[in-house]
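The values are calculated or read from the model by the stated rules, or taken from the named source; none is laboratory data. The shown structure was predicted, so the numbers you read here are calculated from the model rather than taken from an experiment. Note that each Cβ is placed from the backbone with ideal geometry, even for glycine, and that neighbours are counted across all protein chains shown.
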Amino acid sequence: MARVSDQLKGMGMGGLFLALFGGFWMVAALNDQTFVWIATCVLLPCSLLVIRSISILLTARQARSIEPPITAEDAAQARGIGRQFGLVFMLEFGLIAVAANLLAHYHRMDWILPAIALIVGAHFLPLARVFHYSLYYFTGGIEIAASLGIGWGMRAHPAAAEAVLGLVMGLSLWLTALILMVQASWMSRAAGVPRG
């Protein structure tokens, strides 16, 4: 069983990634809006999610202070998870680069954003297994379906498709971050972790 501090640290880091990348997708959705809309709809929620993620990371540090020392087995398990995450992350970015370049080469710029969304959604499937976090299966499934459905269904209107896809991707990442943060709060409370 994973240590509470490690689980909370993973949730805090996951929250940071989800908040920031969700913000990037929301900017794609609102790219033709004024700064006020972007600040209100992207900067404010993204900032709040980042602050809460940092709070979870601080709670993880508090949890570590009341846990027994890390064993060699715990350290090896954490390194293994880190390596697997790094591999999935590098593969994701490599596939995005290849897809974007191929689509640009064949003058299919309208499919670049849906392809990126498809790859982002697909990368959650191995992450669900790596982190033993089944919510990522749901997030990945929603994003894969959205990228294919919106990309194909709105192919005659690529600008609108980009906005809708950005909105769906951003909201799905932020919703996942919120659920993760609520679960982290429950976990820390159940483990009796003092607030830092």
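Worth pointing out:
- Looking only at the stretch 25-41, and only at residues there that are in contact (Cβ under 8 Å) with a residue 40 or more places away in the chain and surrounded by 14 or more Cβ atoms within 10 Å (Cβ to Cβ), the one that is nearest to the chain's Cα centre (by Cα): TRP25
- In summary, TYR133 fulfils each of the numbered conditions (1) assigned to a helix (DSSP H, G or I); (2) buried (at least 18 other Cβ atoms within 10 Å of the Cβ) with the single exception of condition (1).
- The set of residues in the stretch 105-135 being farther than 21 Å from GLU162 by Cβ and among the aliphatic types (A, V, I, L, M) consists of LEU125, LEU127, ALA128, VAL130, LEU135.
- Checklist (1) farther than 18 Å from GLU162 by Cα; (2) modelled with pLDDT under 95 applied to PHE138, failing item: (2)
- Remark: GLU143 matches the filter, which requires a residue to be within 14 Å of the chain's Cα centre (by Cα) and among the acidic types (Asp, Glu).
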